[in-house]
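Notes for the one structure printed next.
A short reminder: the numbers here are calculations on the coordinates, not readings from a lab. Quantities reported herein were computed from a predicted structural model and do not represent experimental measurements. Here the Cβ is made from the backbone with ideal geometry for all residues, glycine too, and neighbour counts use every protein chain on show.
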Amino acid sequence: MEAKLSGNTVQETPVAEQKPAKKNNNPFKYVSTKEKIIYGVIGLIAFSTFAMLIWILSYIFMKGIGHVNIAGLMPAIITTIYMVLMGLVIAVPVGMGTSIYLSEYAKQSKFVKSLRFAIECLAAVPSILFGLFGMMFFVTQLKMGYSILAGGLTVALMILPTVVKTTEEALKTVPLSYREGSLALGASKFATIMKVVLPSAVPGILTGIVFSTGRIIGETAAIYLTAGMVFRVPSNVMESGRTLSVHLYMLAKEGISLEEAYGTAIVLLLVVLTLNLLTYVIGRKMKHGK
């Protein structure tokens with residue numbers, strides 16, 4: 001409102017109220033046509049991938065949901081657990097020690113460069129080659145025979161590069177200020193690594209361990225060539241056994257038990273999904289300090 005003096009009276013004239021500018025909620029208003037096409041193609045690819053995953057899972061569940069027999073699969077489940085535990089017990093300490101050395105102690109040298117190159121090469125080696133090496137060295141040369149021990153050592157070598165790389169990347173994500181603050185308070189470098197750096201990198205390390213565990217559970221060729229395919233509960237690590245993935249392969253290979261193969265695939269999927277879900281929950285709680 002504005003006041004105007006007219007004679008002895010004051011007249012008020014209304015002033016048009018200014019409306020606030022409308023907020024633009026369209027994120028693509030200032031995006032070029034070429035970028036819109038790129039975004040559309042990326043979105044279509046993402047949707048197609050997700051739809052394909054849902055279709056595959058639905059197909060497997062529809063085919064095998066009526067043929068899941070946990071009791072009948074117990075020997076394969078127990079053998080799989082043995083294989084996972086043995087592989088992780090060997091690979092995780094060695095891999096973490098190597099990654100700590102590379103991240104915290106090692107300086108740029110020919111040895112360090114050669115070590116990193118070897119790790120990169122091992123990470124790209126197909127699992128069938130690890131299986132052939134394990135069969136020739138552990139099974140034949142060391143006379144372990146087809147056993148849980150030979151299979152566990154083989155899968156430990158197979159996942160070792162993954163553990164080293166993921167652990168090193170997790171250590172690199174820890175801010176340098178954490179290390180400097182701990183050292184400034186008088187802590188030694190070893191104590192800083194063990195009590196400051198490693199706890200801060202646990203979520204990333206845990207992710208690498210879960211990825212390695214999933215690879216062991218889903219591995220077929222390397223275990224088939226080293227641990228054998230005897231369908232029983234092994235009483236010790238020197239006996240042969242059949243994991244879930246090998247059991248699935250044998251059922252599909254026979255061609256007369258496809259329904260049981262789909263049932264085994266469902267159990268295998270549920271084990272992997274449960275493992276990933278538990279790791280996500282644990283990592284989230286540790287990250288937020290709850």
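Here are some notes:
- Distance from the Cα centroid of the stretch 249-279 to that of the stretch 170-185 is 43 Å (rounded to whole angstrom).
- Using the Karplus relation 6.51 cos²θ - 1.76 cosθ + 1.60 with θ = phi - 60°, the per-residue 3J(HN,Hα) values for the stretch 258-263 come to 5, 5, 5, 5, 5, x Hz, with x marking Gly and Pro.
- Linear extension gain, LEU275 paired with PHE117, 0.36 nm per residue minus alpha-carbon span: 53.8 nm
- Estimated distance in nm for a label pair at GLU259 and PHE61, the labels positioned 7 Å out from Cα along Cα-to-Cβ: 2.0
- Label corresponding to Rg and Dmax of the Cα atoms in Å when calculated from the structure given, among (1) 20.2, 61; (2) 21.1, 83; (3) 29.4, 118: (3)
- For the stretch 48-178, averaging the sequence separation of C-alpha pairs within contact (under 8 Å, six or more residues apart) and dividing by the residue count gives a relative contact order of 38 percent.
- Evaluated over the stretch 70-288, the count of Lys pairs having alpha-carbon atoms less than 19 Å apart is 11 (only pairs 8 or more residues apart or interchain).
- Taking amide H atoms as placed 1.01 Å from N in the peptide plane, the amide H of MET229 lies under 5 Å from those of GLY241, each 5 or more residues away in sequence or on another chain.
- Considering only alpha-carbon pairs that sit under 8 angstrom and 6 or more positions apart, the relative contact order computed for the chain is 26 percent.
- Packing rank of 100-107, 211-218, where each peptide gets the mean count of other beta carbons within 10 Å, highest leading: 211-218, 100-107
- The simple Förster model, with R0 at 22 Å and r as the Cβ-Cβ distance, assigns TYR105 and LEU132 a FRET efficiency of 0.05.
- Each Cα pair under 8 Å and six or more residues apart adds its sequence gap; the mean of these over the residue count of the stretch 188-284 is a relative contact order of 27 percent.
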